[in-house]
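Encoded as structure tokens, the structure appears first; notes follow it.
Each value in this text was obtained by applying a stated rule to the coordinates, not by laboratory testing. Because the structure is a prediction, the values reported are computed rather than measured. Methodologically, a virtual Cβ is constructed for each residue, glycine included, from the backbone with ideal geometry; neighbour enumeration extends over all protein chains shown.
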Amino acid sequence: MNKMLFAALAVASAITLPASAQAQSRAIATTDVNLRAGPSTSYPAVNVVGAGDRVRVFGCLDTRAWCDVGYDGQRGWMSSNYLADARERRYTGPRYVDRMDAPVISFSIGRYWDDHYRGRNFYRDRDRYDDRRGRHRRDFDRRDDRRDARRDFREDRREFREDRRDDRRDYREERRERRDERPVPLYRVD
């Protein structure tokens, strides 16, 4: 009897949990904002979400900066800075995303664009946008290389200054020694 009751409660909670999760995934746009094909302003705009329009939040990146939303039958990405609580409008941006407990998701252009943007004119340029992550990594590598080069240059400059300072010190000491070794004149001029 207890096993059946426990199983019934488990089923009931599993059914009501998605409903409560759906209720928490509603938000409104705080201003007119572009719905984008990826989590960055470098991705093409798919639509414009009007100020006060409702969107459904499917999940957000772990940084809470961008969220995957549904609007007017379309899917896209919005900055969380333009999302607000549909009832109170007190919480916006990452604070609102944390409050609504949006699931953490990741973004992969391949499957996402195949499912949602296959008919769009920018779909044929997906390699350019997909390469963006590789270019982003190369940019970091270049920055690291430049930082290492600057560090090496600073170390070389410091070593050069130290060597020059040592050379000056040695030169002054040699001059003192030569001056001390000069013969003392036998006559004195008053």
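At a Förster radius of 25 Å, what calculated FRET efficiency corresponds to the Cβ-Cβ distance of ARG99 and ARG54, to the nearest 0.05?
For R0 = 25 Å, the calculated efficiency reads 0.90.
Taking amide hydrogens as modeled 1.01 Å from N in the peptide plane, which residues meet the under 5 Å criterion relative to VAL69, leaving out close sequence neighbours?
Amide H neighbours of VAL69, under 5 Å, 5+ apart: PHE58, GLY76, TRP77, MET78.
For ASP114 and ARG64 in one chain, what is 0.36 nm times their gap in residues minus the Cα-Cα distance, to one decimal in nm?
My answer for the length gained is 15.6 nm.
Just report the Cα centroid separation between segment 99-117 and segment 157-186, whole Å.
71 Å
Counting Lys and Arg as +1 and Asp and Glu as -1, what is the net charge of the other residues whose Cβ lies under 10 Å from the Cβ of ASP68?
+2
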